[in-house]
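The values are calculated or read from the model by the stated rules, or taken from the named source; none is laboratory data. Since the structure is predicted, the reported quantities are computational estimates derived from the model, not experimental observations. As a convention, Cβ positions derive from the backbone with ideal geometry for all residues, glycine included, and neighbour counts pool all protein chains shown.
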Amino acid sequence: MAKVKTSFYCQQCGAQYAKWQGQCSSCKAWNTIAEEVISTDKKDWKTTKSKSKQKPILVKDIKYQQEPRLLTQNKEFNNVLGGGIVPGSLTLLGGEPGIGKSTLLLQIALQLPFKTLYVSGEESQQQIKMRAERITTSFSNCYILTETKTQQIFKHIENFEPEIVIIDSIQTLHSDYIESSPGSISQIRECTSELIKYAKESQVPVILIGHITKEGSIAGPKILEHMVDTVLQFEGDRNHVYRILRAHKNRFGSTNELGIYEMQGNGLREVNNPSEILISSSKENLSGTAIAATLEGMRPLMIEIQALVSTAVYGTPQRSTTGYHAKRLNMLLAVLEKRAGFRLGAKDVFLNITGGISVDDPAIDLAVIAAILSSNEDIAIEKNICFAAEVGLAGEIRPVTRIEQRILEAEKLGFSYILISKENKIADKKYHIKIEKAGRIEEVISFLF
Ligand code: TYD
Ligand code: MG
């Protein structure tokens, strides 16, 4: 019998150790290192006889036939994948618990025109039926299997021959070849590699659900992301209705696409024109709000920024943000204080990006500043003005990328003015929307107030 080999792995970051230790030297987490069985009979490559018939081959001589992608009924999902599911691919859908991963994939599975196998290790068949009934009334070609042992799953697959397999979730699977418990690093690695082998051999695409840890990485760490072809992330604030699906890695397409969904009582609805819902429809001009033309991936998105500036009740003024970096807010406040003479040091400043979306795009800086000033002065900004520019430390208005796309989106939604940096070179004649260019904060202030 082969000697059983064991090794120690950090359950959080996947680092490997020869012996147990209390703290992982790599990610500094305590008590995360566990012993796992690895049955490797390593031999020298020179002494092992190669059975492989593969030889190096010139790129130009490689022949391949492009197989058509499998299209789901869900347009946003197809888009994010780069135009449908590639046969034989392994896709990982990650997201926090309760964000709607099972709902999204079940919804897609129920509408697929192919023979679909939905394997769940998390819920019973009755629970899935209840969920399915919430989502739709027509259950076409979708079969449900509740099983967690990979060997059993493959046995079912062999008899059943599905055209697409969905696994909910990778953390519940376990393989007989490995002794550690489900969800441990070596189990996840083994089960994923078994699934990859199956997908590549049979050309049946497999979609996996993976949970995400508090820190935001897919539990059963980075190794999983390396192994699969595509990593999708489903994110959003659980208390808000909007969810964003984006590709973090895609071997068959770009990672710039993103899909937006709205969680409703009967499943997830695709949002085709997100800007319209993110901007409040009230006609009334309120002080402290400004609209920014941002980009989420490749997609232009108009978002509303709300600021509240009030006199600090306690000695130390509060700064609080939702959906925006607090450090960036502090920086912009310092710029306002220094360059525009606004005394905000004794004021509380609250900033909120509506819709529960968080934005990294620096192009919203100018809208943030406008919202703060508007709240501070208690003068509303006209509803037909929007902003797209970064603000620098010297108070200069800096250009942003893809300005034309932003302008077009603003124009489409009926804005009359867009404020951009004067460094952004564009021909403004071809637009109906009026393009206002500014070089410094002072110019923006005199334009607005
Ligand atoms: P779920 O798909 O179970 O999340 P995950 O698999 O990512 O853990 O979805 C969880 C939430 O979605 C749950 O709190 C209820 C809500 N939900 C709706 O609002 N509408 C629906 O139609 C469904 C099926 C779920
Ligand atoms: Mg689930």
Determine which single condition GLU122 fails, assuming it passes every other condition in (1) under 20 Å from LEU224 (Cα atoms); (2) away from ligand 1 (no atom under 14 Å from the Cβ).
(2)
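Taking the stretch 405-441, which residues are of a type in the set (Asp, Glu) and either in a loop (DSSP other than H, G, I, E, B) or surrounded by 14 or more Cβ atoms within 10 Å (Cβ to Cβ) (or both)? If you could, list the steps in order and put the result at the bottom.
From the stretch 405-441, those of a type in the set (Asp, Glu) are 409, 411, 423, 428, 436; that's our starting set.
Matches in the stretch 405-441: GLU409, GLU411, GLU423, GLU436.
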Only one of (1) in contact with a His (Cβ under 9 Å, 6 or more places away or on another chain); (2) surrounded by 15 or more Cβ atoms within 10 Å (Cβ to Cβ) fails for CYS142. Which number is that?
(1)
Tell me, please, whether a residue that is in contact with a Phe, Trp or Tyr (Cβ under 7 Å, 6 or more places away or on another chain) and in the same structural domain as PRO87 (by TED's automatic domain parsing) can be found in the stretch 244-257.
yes
Members of the stretch 85-104 that are buried (at least 16 other Cβ atoms within 10 Å of the Cβ) and within 8 Å of ligand 1 (Cβ to nearest atom):
GLY95, GLU96, ILE99, GLY100, LYS101, SER102, THR103, LEU104
Which residues, counting only those in the stretch 110-119, are within 15 Å of ILE207 (Cβ to Cβ) and more than 12 Å from ligand 1 (Cβ to nearest atom)?
GLN111, LEU112, PHE114, LYS115, THR116, LEU117, TYR118, VAL119
Looking only at the stretch 225-257, which residues are under 15 Å from the mean Cα position of the chain (by Cα), among the charged types (D, E, K, R) and over 14 Å from THR103 (Cβ atoms)?
GLU225, GLU235, ASP237, ARG246, LYS249, GLU257
Extreme residue, nearest to HIS248 (Cα to Cα), among residues of the stretch 305-318 that are modelled with pLDDT of 90 or more and not polar (S, T, N, Q)
ILE305
Can you work out which of the residues in the stretch 161-193 that are of a type in the set (Asp, Glu) and more than 28 Å from GLY98 (Cβ to Cβ) is nearest to ligand 1 (Cβ to nearest atom)?
GLU163
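Residues are listed down the side, and each one gets a yes or a no for (1) modelled with pLDDT of 95 or more; (2) within 19 Å of LEU71 (Cα to Cα); (3) within 16 Å of ligand 2 (Cβ to nearest atom); (4) assigned by TED's automatic domain parsing to the domain that holds ILE33:
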position	(1), (2), (3), (4)
GLU123	no, no, yes, no
ASN141	no, yes, no, no
ASP176	no, no, no, no
PRO182	no, no, yes, no
GLU194	no, no, no, no
GLU201	no, no, no, no
PRO221	no, no, no, no
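Right, LEU373: over 21 Å from LEU286 (Cα atoms) and surrounded by 18 or more Cβ atoms within 10 Å (Cβ to Cβ) or not? Full working, then the answer.
Values: over 21 Å from LEU286 (Cα atoms): no; surrounded by 18 or more Cβ atoms within 10 Å (Cβ to Cβ): yes.
It is false that LEU373 is over 21 Å from LEU286 (Cα atoms) and surrounded by 18 or more Cβ atoms within 10 Å (Cβ to Cβ).
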In the stretch 380-398, residues that are more than 26 Å from the chain's Cα centre (by Cα) and assigned to a loop (DSSP other than H, G, I, E, B) total 9
So which of GLY88, GLY84 is in contact with a helix residue (DSSP H, G or I) (Cβ under 7 Å, 6 or more places away or on another chain), away from ligand 2 (no atom under 16 Å from the Cβ) and farther than 23 Å from ARG269 by Cβ?
GLY88
Considering every residue within the stretch 315-326, establish whether at least one is within 16 Å of ligand 1 (Cβ to nearest atom), among the basic types (Lys, Arg) and free of Cβ contacts under 8 Å to residues at least 60 places away in the same chain.
no
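Kindly state which helices (runs of 4 or more DSSP H) lie completely within the stretch 148-250 and contain at least 2 residues that are polar (S, T, N, Q) and buried (at least 22 other Cβ atoms within 10 Å of the Cβ).
On the way: elements: 150-160, 185-202, 221-227.
The qualifying helices (runs of 4 or more DSSP H) are 185-202.
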Scanning the stretch 277-299 for residues that are under 20 Å from ARG402 (Cβ atoms) and modelled with pLDDT under 85 gives LEU278, ILE279, GLU296, GLY297, MET298, ARG299
